[in-house]
Amino acid sequence: MADMMWAGRFSKQVDETVNAFNSSIAFDGRMYRHDIQGSIAHATMLGDCGIITKEDSLEIIGGLKEILADIDSGKLELDPTAEDIHMFIEAELTKRLGDVGKRLHTSRSRNDQVAVDLRLYLRDEIAEIYAMVKKLAVTLVTMAKEHTETIMPGYTHLQRAQPVTLAHHLMAYVWMLLRDMERLQDVSKRMNYCPLGSGALAGTTYKTNRKQTAELLGFTAPMPNSLDGVSDRDYCVELCCALSLLMTHLSRFSEEIIMWCSWEFKFVELDDAFATGSSIMPQKKNPDVTELIRGKTGRVNGDLVTLLTMMKGIPLAYNKDMQEDKEAIFDAVDNVKLCVKTFIPMLATMRVLKENMRNAAAKGFINATDCADYLVKKGMPFRDAYKITGTLVAECIAKGVVLETLPIEEYRKMTELFTEDVYEAISLDTCVKERKSEGGPSPDAVKEQIALAEKSLELC
Ligand code: ARG
């Protein structure tokens, strides 16, 4: 094994097991672009500040660009025995440029280097996830527009409660996703401060220009405290938290789709391209995609706990524990992207079985509240109306009928306020149409919130 860059103060080579244990290139290698981007900014600043010569700075930048092109094209492969991506690129630069390459790390530490790399890397990932979530939200709005009149049961406690429309149900998820997007934006904003120049922990004695590197890398400003710059990972925690919430939303929706696919519900039919079969039961068509999303939510939550636990007991500043941040946050980011990417076409190709939704809404005394409200609108106090309707429901259950088929005489035995028009008042269509309060499920009310959501989506 080649000598470590820091081998000077050691009298022995590092043990093979320690080297393998310590190495992070297997998972931080993916940040090579951002590492080079950070190094180019650093080398530019070193040259401009006269810390290294302009010629050396230009040579280093040229060398870094060549390394980037060679890794991109596959000409240069990452060495799996290297300690990490930072050491690998620096060593490669020195291999190519000799002594000039050795000047790159002047007034820098891997501690501020890794901190800046990770922020740059995650900034790009957040932008990608943001665009994907937006696409998912747009997909749902498109579906909602087609289903403003599609009546379905609304549930509480998974018991039929009051009727809604499918558009209303879908739009509930759109608002959750819009908040998820806002959270991602928030994290991005707070994360966008530059730790480069913090050095190992205590800044540097060189006359550096941190504003310049921050600006070159597109950060809002340098981080004001060097200890904080190298030692916090709150942006990873925050991002993972935003991703956990996003996954929680996808998972709840997935759980619903899993139920909706069952023979017991049969509200939707997945496209054959987005379902799977069984190895033994020929009749099976399984909603694996949604089950995997539900399952992977646990995994992303696990990543969040990993990050929080990793950070909670480490003193300032850098500690090697923090190398564990990458596998956790990368796992969360990768899995979220996989989920959203698969979910979008699955939803877009899903067939809605409107009749079944409507039939389910027509049962289960879903219009009982409306029956009580009918009496309230005729002057009865709500609590009395509620009690009378409850008694009528019990009577219907005993007789094996529903409110729509209960004879008017039975109604009038309870109160004379009931007249023939009660049937119109409790019809499914009326129950939906009349729920036109702001944010409600009636076609008109939903159209309003669709317009509102579309406006928000246009702005993001
Ligand atoms: N691979 C390390 C990490 O991901 C880079 C920082 C190493 N710094 C150090 N002082 N050992 O955290």
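Among the residues making up segment 19-41, a single one is within 13 Å of the ligand (Cβ to nearest atom) and of a type in the set (Val, Ile, Thr): Ile25. Considering every residue within segment 319-339, establish whether at least one is under 30 Å from Pro153 (Cα atoms), without any contact (Cβ under 8 Å) to a residue 24 or more places away in the chain and not small (Gly, Ala, Ser). Within segment 319-339, not a single residue is under 30 Å from Pro153 (Cα atoms), without any contact (Cβ under 8 Å) to a residue 24 or more places away in the chain and not small (Gly, Ala, Ser). Of the residues making up segment 6-18, those that are away from the ligand (no atom under 11 Å from the Cβ) and not charged (D, E, K, R) are Ala7, Gly8, Phe10, Ser11, Gln13, Val14, Thr17, Val18. Residues that are among the charged types (D, E, K, R), in contact with an Asp or Glu (Cβ under 9 Å, 6 or more places away or on another chain) and not in a helix (DSSP H, G or I) occur at least once in segment 341-355.
Of everything in segment 13-48 that's part of a helix (DSSP H, G or I) and of a type in the set (Gly, Ala, Ser), which residue is modelled with the lowest pLDDT? Before you say what the answer is, go through the steps one by one.
Filtering segment 13-48 down to residues part of a helix (DSSP H, G or I) leaves 16-22, 25-48.
Filter once more, so that each one left must be of a type in the set (Gly, Ala, Ser): 20, 26, 29, 38-39, 41, 43, 47.
Working: Ala20: 91, Ala26: 97, Gly29: 98, Gly38: 98, Ser39: 98, Ala41: 98, Ala43: 98, Gly47: 98.
Only one residue fits best here, namely Ala20.
How many of the residues making up segment 270-315 are under 30 Å from Lys326 (Cα atoms) and outside any helix (DSSP H, G or I)?
If we filter segment 270-315 for residues that are under 30 Å from Lys326 (Cα atoms), which is where we start, we get 288-315.
With the extra rule that they be outside any helix (DSSP H, G or I), the set shrinks to 312-315.
Selection size over segment 270-315: 4.
Please find, within segment 119-158, the residue that is nearest to the chain's Cα centre (by Cα) out of those that are among the hydroxyl-bearing types (Ser, Thr, Tyr) and in a loop (DSSP other than H, G, I, E, B). Per the stated criteria, the residue is Thr148.
Taking the listed residues His105, His168, the one that is at pLDDT 95 or above and in a helix (DSSP H, G or I) is His168, with no other qualifying.
Residue-by-condition table, conditions (1) under 27 Å from the mean Cα position of the chain (by Cα); (2) in contact (Cβ under 8 Å) with a residue 40 or more places away in the chain; (3) within 11 Å of the ligand (Cβ to nearest atom); (4) surrounded by 23 or more Cβ atoms within 10 Å (Cβ to Cβ):
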position: Gly74; (1), (2), (3), (4): no, no, no, no
position: Pro80; (1), (2), (3), (4): no, yes, no, no
position: Glu83; (1), (2), (3), (4): no, yes, yes, no
position: Ala91; (1), (2), (3), (4): no, yes, no, no
position: Gly98; (1), (2), (3), (4): no, no, no, no
position: His105; (1), (2), (3), (4): no, no, no, no
position: Val114; (1), (2), (3), (4): yes, yes, yes, yes
position: Asp117; (1), (2), (3), (4): yes, yes, yes, yes
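Scan segment 309-359 for residues that are touching a helix residue (DSSP H, G or I) at 6+ places or on another chain (Cβ under 6 Å), more than 13 Å from the ligand (Cβ to nearest atom) and closer than 30 Å to Leu201 by Cβ and the total you get is 4. Look at segment 128-157: where a residue is closer than 19 Å to Thr342 by Cβ and a partner is basic (Lys, Arg) and at pLDDT 95 or above, sitting 6+ places away or on another chain with Cβ atoms under 9 Å, you get Glu128/Lys337; Ile129/Lys337; Met132/Lys337; Met132/Lys341.
The set of residues in segment 210-252 being more than 16 Å from the ligand (Cβ to nearest atom), buried (at least 18 other Cβ atoms within 10 Å of the Cβ) and not in a helix (DSSP H, G or I) consists of Leu217, Phe219, Pro222, Met223. Per the conditions (1) under 18 Å from Arg123 (Cα atoms); (2) out of contact with any strand residue (DSSP E or B) (no Cβ under 9 Å at 6 or more places or on another chain); (3) surrounded by 21 or more Cβ atoms within 10 Å (Cβ to Cβ), the sole criterion not satisfied by Cys194 is (2).
Quick one: what pairs do we get from segment 374-402, first residue part of a loop (DSSP other than H, G, I, E, B), second of a type in the set (A, V, I, L, M, F, W, C) and modelled with pLDDT of 95 or more, C-beta under 6 Å, 6+ apart or different chains? Every condition considered, the pairs that remain are Lys378/Leu417; Val402/Cys396.
Return yes or no: is Val300 away from the ligand (no atom under 16 Å from the Cβ), surrounded by 20 or more Cβ atoms within 10 Å (Cβ to Cβ) and under 30 Å from Ser24 (Cβ atoms)? So Val300 passes the test. Taking the criterion of being in a helix (DSSP H, G or I) and surrounded by 13 or more Cβ atoms within 10 Å (Cβ to Cβ), the residues of segment 414-435 that qualify are Met414, Val422, Tyr423, Ala425, Leu428, Thr430, Cys431, Val432, Lys433.
The values are calculated or read from the model by the stated rules, or taken from the named source; none is laboratory data. None of the values given here were measured: they were computed from a predicted structure. Neighbour counts run over all protein chains shown; Cβ positions are idealised from the backbone, glycine included.
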